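Each remark here refers to the structure printed beneath this line.
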Amino acid sequence: VAESSPAEMGKALASLRTGPSPADAIYTSSDECAIALLDAAREAGVSVPDELALASAVDSSILRVTNPPVTGVFLHPRDIGARAVESLTDLIARKDPDCQLPPLDSTRTLIPTRVLVRASTAMEANR
């Protein structure tokens, strides 16, 4: 979905919930999309989490206070920022012709994330 407006999320929800196998879980790309989708579900009479589990790829404080609170992925933004600064500083230092640093050993950095499970994904056990 190009934007996270309630109207667009309503269309997306309707599309995902129709057909022989309606979606019973949606993972959004942002907290804004999750909130708009939660509103769209409420307007469509779709119960979160009883009929639809909802989670966001990005956690924010607003997801803790929605009704129900939405599951999100905590990305550790301070760690990401610190690693980015460290990498950039290292790359700048290597441009110096007198640099004595060893060659870079990796171009990939993994920073662990954490799923914060909240009520939006507490579906009934029989589903």
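A few remarks follow.
- When both bridge partners sit in the chain, DSSP labels roughly 35% of those beta bridges antiparallel.
- Apportionment of accessible area to carbon and sulfur, segment 1-105, percent (1.4 Å): 57 percent
- Here the label points at Ala25 and Arg108, each 7 Å from Cα along the C-beta direction, are separated by 2.4 nm in the simple model.
- Derived scalar couplings ³J(HN,Hα) [segment 73-80; Karplus, 6.51 cos²θ - 1.76 cosθ + 1.60; whole Hz; x for Gly, Pro]: 9, 7, 9, 6, x, 5, 5, 4
- Among Leu16, Leu110, Leu63: highest mean-square fluctuation, GNM of the chain, C-alpha pairs under 10 Å: Leu110
- Accessible surface, per residue, of the chain when the full set of protein chains is kept, probe 1.4 Å, Å²: 66 Å²
- If you plug the beta carbon distance of Arg42 and Lys11 into 1/(1 + (r/R0)^6) with R0 = 25 Å, you get a FRET efficiency near 0.95.
- GNM flexibility winner over the chain from Ala40, Ala93, Ala12 (Cα, springs under 10 Å): Ala93
- Comparing Ala36, Ala53, Ala82 in a Gaussian network model of the chain where C-alpha atoms under 10 Å apart are linked, the largest mean-square fluctuation is found at Ala82.
The values are calculated or read from the model by the stated rules, or taken from the named source; none is laboratory data. Worth saying up front: this structure is predicted, and the values here are computed from it rather than measured. Here Cβ is always computed from backbone atoms with ideal geometry, including for glycine, and neighbour counts include all displayed protein chains. The protein model used for the area step is the full one, side chains on, heavy atoms only, and it has no ligands, DNA or RNA in it. Shrake-Rupley method; radii C 1.70, N 1.55, O 1.52, S 1.80 Å.
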